[in-house]
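Bear in mind these aren't lab numbers, they're just calculated from the coordinates by the rules spelled out. The shown structure was predicted, so the numbers you read here are calculated from the model rather than taken from an experiment. All Cβ positions, glycine included, derive from the backbone under ideal geometry; neighbour counts span all protein chains shown.
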């Protein structure tokens, strides 16, 4: 549940979890939310799929699971929280509840130089792998993530389900037709990138690639980047654009926008570009395609799964290749028609109905009644645990009164 309690509810992970849970709820599945009592409550916009939401404690787990067959669904094993026990508490392990974990991507393991930078990170993520690789079932949001799970965590294929990803109604149906994009400084046809200040997203690479376009073509377009960024990153990207020869106004940094404006940007852009080195799925590219944008993407990780059109892909490490496909996407009308036709199939291929059809039979076959054993303070003391470990190594949420 931590992914629904975090500081950034706009991330792809909480949006995936909410879409999946909403479709399970629509199918009549009884969903009980056990939230981390040490974090802020679940965000209001994510509460609708749950029958009830309660603290993730031993007593609540026993009360809520006493009369039902249950499965414990860990929505995001990779959440950046410590210690790991908050993701998989002792009372869950003690009860031997069937454990299902959702796997989004393996960036933490594939790019340790970017994501394992703090003291202890390497050990933390090794421990995370050790704990969660014992899950009874894994739901993977793309075929790429499924392959990574087999390769990096050595998970047997019969413990993996390619679930896929759906598109949430909030963005796929949103739009503000006629919104004045000039308030962002958008004054002509534009290339759109939805990025983050994250090295693997390669937002800066998009700026460099745009600068490689022929001067006359570039002069007729702007590069619009939608992204919540700090003032330091804004200055850095503005300086980069200038150093690459972009004129003032050719780079537009909108900051964060709401879903309605983002949908309108998808609809109005001349071309959508996804330059990321690695994605678990690539939600913005799929959203852009649903809104009628011509979409081109990196040829890496999960991104080829979105359109299933090889000619729409480029090598994200090559500025020349990005610029080549970008130029084709802006000028070649036959190529653009093929991009748009491929985009028409995205909603059919990537829907929550399809995802739950793949997953629900496996979940229904796993549920069982469980017994949550009594574990109070005295139980631990009688087994030699020091008194000062209670509340630290052994959190109070793991204790009966």
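Tabulated results
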read-out	value
Residue with peak Gaussian network fluctuation, the chain [Cα springs, cutoff 10 Å], from 211, 65, 154	154
For the chain, built as a Gaussian network whose Cα springs stay under 10 Å, the top-fluctuating residue of 338, 188, 118	118
Inter-site label distance for residue 122 and residue 379 at 7 Å from Cα along Cβ, in nm	3.7
Inter-centroid distance (Cα atoms) of segment 306-370 relative to segment 42-116, Å	28
Between helix 333-344 and the chain: long-axis angle, C-alpha atoms, 0 to 90°, nearest 10	20
Nearest-ten-degree value, helix 352-364 long axis tilted from longest Cα axis of the chain	20
Residues 221, 350 arranged by fewest to most Cβ contacts within 10 Å	221, 350
Over the chain, relative contact order from alpha-carbon pairs under 8 Å, at least 6 apart, %	18
Most mobile of 345, 180, 136 in a GNM of the chain (Cα contacts under 10 Å)	180
Acute angle (nearest 10 degrees) that the helix 231-243 long axis makes with the longest principal axis of the chain, alpha-carbon atoms	30
